[in-house]
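Notes to accompany the following structure.
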Amino acid sequence: MRKLKSLTISAASSLFAAGLAVGAFAPHPAHAVVIVLGGGLGQACYEAAYAVSRGLTPDPFVMTGTNVEMRPVQICTAALDSSSELNARDAAGTYVNRGVLLFADGDYRGSLRDFDSAISADDDIGESHANRGAALVAMHRWADSIPSIDKGLALMASEPEKSYYNRAIANEELGNVRGAYFDYLKAAELRPEWQPPRDQLTRFTVRTRTAAGTVATQPGTANLPPASPANRPPVPSAK
């Protein structure tokens, strides 16, 4: 079985101001975060998850009036423990953000539980489903991951290239080479400057049969980016 080289996850990002959701969600390759504004632990949890999702180290959080520093996951847990301060959407976003932090720590089972909790609190956040799919991919639960990734895409989770990339990994592991190729291709089309899907496409060879019956071969990257759905590249075969 092909070694899993990389994985991306998105942290859900819901923008809350004055108690109202006025923005949407923003996932990241490994984490998409739910924006919770207005101060307090919910916002601190979001800021920590956002930093981690961008490969940064979050600043220590110190409780007001104390000298106690809290780890990012502890901040999110404290926010969830004070659930009276969170409406359902805020709570869902905070579960997603804690799940992002757990995912970054390699605790995929813990992150999956948090993404499930986010979905229970609010089923309409695309990043919850996209991240759930990413956690399942990380756990090598290939077939289970695809419905969650599909739903995240249907709910317009941001940074969809990450979801296509994760679904490509699952498809390839399931033997769906055609599906994997087109998902890697879509990820590269959506974000041309992002290198991982382009690197994966170099492992593919595309063969086309000409009118004369001969077979033409070209590298998997030759069709980047596809001009339109009408000009989809031919069916590939893995090297």
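Every read-out reported here was derived from the displayed coordinates using simple, explicitly stated rules and does not represent laboratory data. Predicted model only: the values in this text are computed from it and were never measured. Every residue, glycine among them, receives a Cβ derived from its backbone with ideal geometry; neighbour counts consider all protein chains shown.
Determine ³J(HN,Hα), in whole Hz, for all residues of region 175-188 in sequence, where each value follows from phi through the Karplus function 6.51 cos²θ - 1.76 cosθ + 1.60 and θ = phi - 60°; x replaces Gly and Pro.
Using θ = phi - 60°, the values come out as x, 8, 5, 4, x, 4, 4, 5, 5, 4, 5, 5, 4, 5 Hz.
Which order results if GLU193, GLU173 are arranged by neighbouring Cβ count within 10 Å, fewest first?
GLU193, GLU173
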